[in-house]
1. Looking only at region 419-449, which residues have a backbone nitrogen under 19 Å from a spot 7 Å from the Cα of residue 13 in the C-beta direction?
2. At a threshold of 8 angstrom on Cα-Cα distance, excluding pairs fewer than six apart, so keeping six or more, what relative contact order does region 363-494 reach in percent?
3. Give me the orientation-averaged projected area of the Cα convex hull of region 579-711, in nm², one decimal.
4. How large is the Kirkwood hydrodynamic radius of region 76-293, counting all unique pairs of alpha carbons, in Å?
5. When averaged across all projection directions, what area in nm² does the alpha-carbon convex hull of the chain cover?
6. Which FRET efficiency value, to the nearest 0.05, do you get for residue 600 and residue 242 by plugging their Cβ-Cβ distance into 1/(1 + (r/R0)^6) with R0 = 25 Å?
7. Which value in deg cm²/dmol, rounded to the nearest 500, describes the helix-derived mean residue ellipticity at 222 nm for the chain, given -39,500 (n - 2.57) per DSSP H run of n ≥ 4 and division by the residue count?
8. What's the ranking of 291-297, 104-110, 640-646, 148-154 by average number of surrounding C-beta atoms within 10 Å, highest first?
């Protein structure tokens, strides 16, 4: 490191001489950037499937659906489940269901009318085959459904009506009459019909003219993504949504299942359920449940849990670091200075990233490609607080040593100069290690690593400028109530020269004893240490791919969406709400009747494929009539089939009206038996895809030359698994190479650098194995595997961050070797750095463990009588926080304490024996 000393020396001299200007510069930078930066939540994006490579079948299928069915494609669903765990529904349960549906249909009418206005509707009968026409017709139908259901609801409760002031929606849907009257007036309907609706609204709520907001001015909030409502009361599709013990109402949404807007939608839905339960639940017997589930509900609750995890993580991280710094220093200013430094680092770095991301999204800076996610904030806060505190701890520890030997300004300069190499080396291993995520194909990996890297560089800059500037400004009193005196070196010991008995005791004690033991019995220490890590390491290696891609398993069983899923699964096939959408684009046009005939023949073949439960086509929109179901021409089934073909769920759904795809694109929805997230279902879908591609390649097939694409939850999971497994292999190699090269540059020892890489690899696999064992025991029968993101993030962060302490130790050994023999240098380095590296490891582990706070903090706060939100914890964040914290502890107390010093001792002895 001696060749870097002149640069670090000049840097240290500038910072400690111009300390006033340095502090002013950081204050100005923090204020300006904070004011200029957009809020994180305004630019944060989410959704796993949206960040898959564009050439994958599920992504290409999604783009084709957007192109073929513009504005009406449902990307996710929320499903209301009304049911009982045991037995059939009671007749009185219908009251609760009707109350729910009348409110839902009215919301659909409001949203559809606003969409029609956005598409240019200003009055008159709807124009056929236009977006405005579609939405205004749906609005009228929805208002009518709301009114009809409202009438039935009122008939059931009229005799027991509570004595309360009427509102716009209770006891009757006065607003639905009022809105339909306005709509019919714009439509140009008969004046008698319009006046009848107005009159009904005024009778139900005399003040409605002053209470009702014009439709265009209503803030529908979370309902704005609603596309349609399919419910058990529908005479055509209803039979598929009714069972003896449950009823379903399916909300089709335009948002992707993990879109941030689903948080607001879920909150709106939960408010609606609360209103229904408050108003109608007393009309029936206890035991009835009204729950919401579906992909968008799971996604919304997952994002809500992530938001809660961020809040808990930030506060617990700060509290833990304050506690550790207080225990380590027992000096108020030495606690305050790191916290102020990291506060500046967090504000400046996150503001900078927010500005860069906004410029990237707006195209302000051509070529800039950055995105942030809701969960990115957790990684930034945790790693920045952990690493930033470590940087400050090492600087202050070195300053304490230097202050005993020279005057304060010189001590500050020397401290910064002497630790710069170690700080830069450790920071670069982390930054470059995380930066390798840029090569990932999966967008969340691709963007997250560089974002954390940028924030860490800002943190490093703060800790090598602002922190020493504050230390220089405050002077030796920063150590108060401890007093630091300048003392001359007095004697030499096994640990090298020391200033006095007092000072030697500071680096003797436990760590001095450990240093002596390791240098006397290095082979024994290395052998025993290696064996104890290799055993769990082998288990981790064998189970590295035992992960789950089930988004719903991210939430605990107490989560409302999972409760709804369990209730629904008792009565319905879960696959019903997660179909596999098959898109076939023919190379040429065919008459519509010929296409329908070919589709019917294809459906018959698909029913013969393993795992296929239902095939939905234009001829059979709900999949109620498989080929083996006989039906007479005049039977009720035949009538229902014809009605289904003319229902709005079939119109414009199976065939596109877009000119270039008309008579060429065919759409089918296939229900696969089993859990849409399971590997067994994935295998069935892959077999189905192979079968369809074989048809497209068969010259004798009517589908020869067609392009086949699959979309939906299961195809997206298949693509996600394929991409992330590929990313895992490439990124692991890249991280190891990048960190190894940094180690070689910093340490200038190839053999030692290789050994350090091996130790963190063993540490990673041991950590993974112990984490799997822990959560297998914690979850019991509910364990389905660790979150799929955990192995990669654990690997990258442990390999990158885990080298920090090794770099600190080894650079100190190399520094001491410039004036001592290898044995004394190793002993002195271990004893001098042992305490501070341990403190740093505890800080970093504590920040990672704070990611688990959403599990244990709410119950503790509630136990002590403090208000606390008890939302659903996000298992993926909890698992990763636990694994990272455990990995850092293993690195701190095991790898750096035993494996690294004992290896250096063995190499040193051999070198001494063979000069």
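1. The answer is 419-421.
2. Computed value for region 363-494: 32 percent relative contact order.
3. With the hull built on Cα positions only, its mean projection is 8.5 nm².
4. On the way: mean 1/r = 0.0556 Å⁻¹.
Computed over region 76-293, the radius equals 18.0 Å.
5. Value for the chain: 45.4 nm².
6. Taking R0 as 25 Å, the efficiency between residue 600 and residue 242 is 0.40.
7. Calculated mean residue ellipticity at 222 nm is -21000 deg cm²/dmol.
8. Values: 291-297: 26.6, 104-110: 24.0, 640-646: 15.7, 148-154: 18.9.
Going by the mean number of other Cβ atoms within 10 Å, highest first, we get 291-297, 104-110, 148-154, 640-646.
Any read-out appearing in this document is the output of simple, stated calculations on the displayed coordinates, not a laboratory observation. On a predicted model such as this, the values are computed, not experimentally measured, just so you know. All Cβ positions, glycine included, derive from the backbone under ideal geometry; neighbour counts span all protein chains shown.
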